[in-house]
Amino acid sequence: MKGYTSRDVSRLLGLTVAQVRGFARDGFLSPGHGRRGELLFSFQDLVILRTAKGLVAARIPAQRIRGALRRLRAQLPRGRSLAELRIAAEGGRIIVSDGEATWSPESGQTQLDFAVSELASRAAPMARRAAKAARRVEQDLSAEDWYELGLELEVAAPGDARDAYRRALELDAHHADAHVNLGRLLHEQGLATEAERHYRAALSENPDHATAAYNLGIAFEDLDRPADAIEAYRKALSLDPGLADAHFNLARLYETAGKRAAALRHLSSYRRLVPEKEG
């Protein structure tokens, strides 16, 4: 469910249509095709192209740009909003930060610093256009189509994204990822109880869903249920020991509960994991 044409991208980013198509040929984008064969790009593609524009302006050699962008594509989070990301140059590295962790997909001096949320604001009218187009052909769309559309809309049109995830769940109530993402968007609205219901539904469908367990822990904290939050974070870590933020949150909760040894153990684990993300 990609909806940005080459001309849309050109207008949004100040690239020529030829440049957009050239970057697409380099293999680090994932465009789809419209009914007439035209290239259609995702919001993740927009983020990568915005980064490419900055690297070109910084006169980074083309080969290094291609390598950096392929690594960036692999490291951009999938299945959650990109809105919190900031992509910048720091100490000679390309830095991607989500407010918690920071990592570098490539080394090299650059002149680059932009917030993905700024790009999302400019892309919002086109994202809403895609949502309207989907509604016109909704009888042809599967649950997975609606889920993919939700991913596309989250950054620029979160209200439409919620509708897309709800439509996905109407068609397939067992879609765990749609439950997780709808829960997160509801959670961001302050609806922690509704979010809890969706996180639990996701875990019921997929007991190994580490993100659902971690998000459930956050919901429990917001609902002032620290003991339940601890159990949720522990489950998340049993599924994915590399969840640094779960270690950090457990350290904080154990410290509050007076369990200093457990708090120090998880804080130590957090500190071991964070440098790996930064390097």
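Residue check: Asp224 meets all listed conditions (1) at pLDDT below 95; (2) part of a loop (DSSP other than H, G, I, E, B) but one, namely (1). For Glu196, state whether it is closer than 14 Å to Gly183 by Cα, part of a helix (DSSP H, G or I) and not aliphatic (A, V, I, L, M). Taking the combined requirement at face value, the residue satisfies it. Answer with yes or no whether Leu185 is within 19 Å of Ala161 (Cβ to Cβ), in contact with a helix residue (DSSP H, G or I) (Cβ under 8 Å, 6 or more places away or on another chain) and either part of a helix (DSSP H, G or I) or modelled with pLDDT under 95 (or both). For Leu185, the condition - within 19 Å of Ala161 (Cβ to Cβ), in contact with a helix residue (DSSP H, G or I) (Cβ under 8 Å, 6 or more places away or on another chain) and either part of a helix (DSSP H, G or I) or modelled with pLDDT under 95 (or both) - is met. How many residues does segment 187-210 contain that are among the hydroxyl-bearing types (Ser, Thr, Tyr) and buried (at least 21 other Cβ atoms within 10 Å of the Cβ)? Result for segment 187-210: 1. Would you call Arg184 of a type outside the set (S, T, N, Q) and surrounded by fewer than 22 Cβ atoms within 10 Å (Cβ to Cβ)? Considered against the rule, which asks whether it is of a type outside the set (S, T, N, Q) and surrounded by fewer than 22 Cβ atoms within 10 Å (Cβ to Cβ), Arg184 comes out as no. Give the number of residues within segment 199-209 that are more than 14 Å from Glu231 (Cβ to Cβ), assigned to a helix (DSSP H, G or I) and of a type outside the set (Asp, Glu). Qualifying residue count, segment 199-209: 3.
Inside segment 232-267, residues that are without any contact (Cβ under 8 Å) to a residue 12 or more places away in the chain, farther than 21 Å from Asp208 by Cα and among the small types (Gly, Ala, Ser) make up a count of 2. Being surrounded by fewer than 20 Cβ atoms within 10 Å (Cβ to Cβ), touching a Ser or Thr at 6+ places or on another chain (Cβ under 9 Å) and in a loop (DSSP other than H, G, I, E, B) is the filter; apply it to segment 1-30 and report the residue that is modelled with the lowest pLDDT. Among those residues, the one meeting the criterion is Ser30. Restricting attention to segment 137-144, does a residue exist that is at pLDDT below 95, surrounded by 18 or more Cβ atoms within 10 Å (Cβ to Cβ) and not in a helix (DSSP H, G or I)? Within segment 137-144, one or more residues are at pLDDT below 95, surrounded by 18 or more Cβ atoms within 10 Å (Cβ to Cβ) and not in a helix (DSSP H, G or I). Can you run down the residue pairs with Cβ atoms below 6 Å, 6 or more apart or on separate chains, where the first is in segment 155-177 and closer than 21 Å to Ser204 by Cα and the partner is of a type in the set (D, E, K, R) and surrounded by fewer than 19 Cβ atoms within 10 Å (Cβ to Cβ)? From segment 155-177, the pairs are His174/Glu205; Ala176/Glu205.
When each of Phe220, Phe248 is tested for being of a type outside the set (Gly, Ala, Ser) and surrounded by 21 or more Cβ atoms within 10 Å (Cβ to Cβ), the lone residue that passes is Phe220.
For segment 166-180, the candidate set comprises residues that are within 15 Å of the chain's Cα centre (by Cα) and either aromatic (Phe, Trp, Tyr) or farther than 14 Å from Leu216 by Cβ (or both); within that set, the residue that is surrounded by the fewest Cβ atoms within 10 Å (Cβ to Cβ) is Asp177. For Ala134, the conditions (1) modelled with pLDDT under 80; (2) assigned to a helix (DSSP H, G or I); (3) closer than 23 Å to Glu188 by Cα all hold with the exception of (3).
The set of residues from segment 182-212 being acidic (Asp, Glu) and either touching a strand residue (DSSP E or B) at 6+ places or on another chain (Cβ under 7 Å) or free of Cβ contacts under 8 Å to residues at least 24 places away in the same chain (or both) comprises just one member, Glu194.
The values are calculated or read from the model by the stated rules, or taken from the named source; none is laboratory data. The structure presented is a predicted model; accordingly, all values stated were derived computationally and were not measured. Note that we place each Cβ from the backbone using ideal geometry, even for glycine, and neighbour counts take in every protein chain shown.
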